[in-house]
């Protein structure tokens, strides 16, 4: 069995694995926030954009949307999706922990708990600084995280075996309380070639909300606007399953 990088094999499964996600609900939530600040749209970057489902919705809504992802395989799927409605695929490969833009944008998004792929506080702080550098003064950064409660109730010793898009897979997930790391392990093979199997392992650090607030406001160039329980304007807390953060680039900050 061969070990492959994250999303090398499951890129072809990703949309199936995410079939439970109500993307319209996500879009409506983002649209309410963004329309209040930017009624005429603007320039937007989604980091860890995946297969581009939200980019398509935002582009159709009039945003000049750009997408960045670490996985070339995910970007290939996103590019096909965007080109299918004659939208120029403004996509590029990059890592949220180490990227820069030539021109600043009004909004940066990091959705579906992708920020949890930052495995220590240094990576998290670097990502926040990169986002601040990418934003115009007054621009917004919206990201979300899952909580320890979410991992404990939904992904503790999780097991799934299924077939989709010509691929057979086994998915195992577990949460390490001591390290606060959520692990998702995949074994994947082509349905017509079960003897050649590939393994992917994904790790996400599940941070306390107070830790995220502290790092965000520790000289990154971002100020905290609010921390909300999933898809609401109620305050988020450790009992939430998902928490949305809204941050703003400080008007007087330059990097």
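The values are calculated or read from the model by the stated rules, or taken from the named source; none is laboratory data. Quantities reported herein were computed from a predicted structural model and do not represent experimental measurements. In this analysis, Cβ positions are derived from the backbone assuming ideal geometry, glycine residues included, and neighbour counts consider all displayed protein chains.
Would you be able to say whether some residue in the range 77-92 is free of Cβ contacts under 8 Å to residues at least 60 places away in the same chain, in contact with a strand residue (DSSP E or B) (Cβ under 7 Å, 6 or more places away or on another chain), assigned to a loop (DSSP other than H, G, I, E, B) and surrounded by fewer than 17 Cβ atoms within 10 Å (Cβ to Cβ)?
yes
Condition first: exposed (fewer than 14 other Cβ atoms within 10 Å of the Cβ) and touching a strand residue (DSSP E or B) at 6+ places or on another chain (Cβ under 7 Å). Now tell me which residues in the range 141-153 satisfy that. Listed by number, the list holds a single entry, 152.
For the range 234-250, what are the residues that are in a strand (DSSP E or B), touching a helix residue (DSSP H, G or I) at 6+ places or on another chain (Cβ under 8 Å) and within 17 Å of residue 215 (Cβ to Cβ)? Result: 243, 244, 245, 246, 247, 249.
In the range 55-71, the count of residues that are in contact with a strand residue (DSSP E or B) (Cβ under 6 Å, 6 or more places away or on another chain), touching a residue at least 40 places away in the same chain (Cβ under 8 Å) and assigned to a helix (DSSP H, G or I) is zero. Residues in the range 198-216 that are closer than 14 Å to residue 152 by Cα and crowded, with 20+ Cβ neighbours inside 10 Å: 204, 206, 207. Taking the numbered list (1) crowded, with 21+ Cβ neighbours inside 10 Å; (2) closer than 30 Å to residue 39 by Cα in turn, residue 138 passes all entries but (1). Tell me which residues, restricted to the range 140-150, are over 16 Å from the mean Cα position of the chain (by Cα) and closer than 17 Å to residue 111 by Cα. Hit for the range 140-150 is 150, nothing else. Screening residue 156 against (1) under 22 Å from residue 216 (Cα atoms); (2) assigned to a loop (DSSP other than H, G, I, E, B); (3) touching a strand residue (DSSP E or B) at 6+ places or on another chain (Cβ under 9 Å) leaves a single unmet condition, (1).
For residue 219, indicate whether it is out of contact with any strand residue (DSSP E or B) (no Cβ under 8 Å at 6 or more places or on another chain) and not in a helix (DSSP H, G or I). Before you say what the answer is, go through the steps one by one.
Working: out of contact with any strand residue (DSSP E or B) (no Cβ under 8 Å at 6 or more places or on another chain): yes; not in a helix (DSSP H, G or I): yes.
The answer is yes for residue 219.
Quick check, is residue 100 closer than 19 Å to residue 215 by Cα and touching a helix residue (DSSP H, G or I) at 6+ places or on another chain (Cβ under 8 Å)? When the stated conditions are applied, residue 100 does not pass them.
Set side by side, the residues 60, 73, 43, 37 differ, and just one is at pLDDT below 95 and more than 15 Å from the chain's Cα centre (by Cα), which is 60.
Note on the range 167-199: among residues that are assigned to a loop (DSSP other than H, G, I, E, B) and in contact with a helix residue (DSSP H, G or I) (Cβ under 9 Å, 6 or more places away or on another chain), the one that is modelled with the highest pLDDT is 180.
If I filter the range 34-48 down to residues being in a strand (DSSP E or B) and touching a helix residue (DSSP H, G or I) at 6+ places or on another chain (Cβ under 9 Å), which single residue comes out as nearest to residue 138 (Cα to Cα)? Once the filter is applied, the top-ranked residue is 44.
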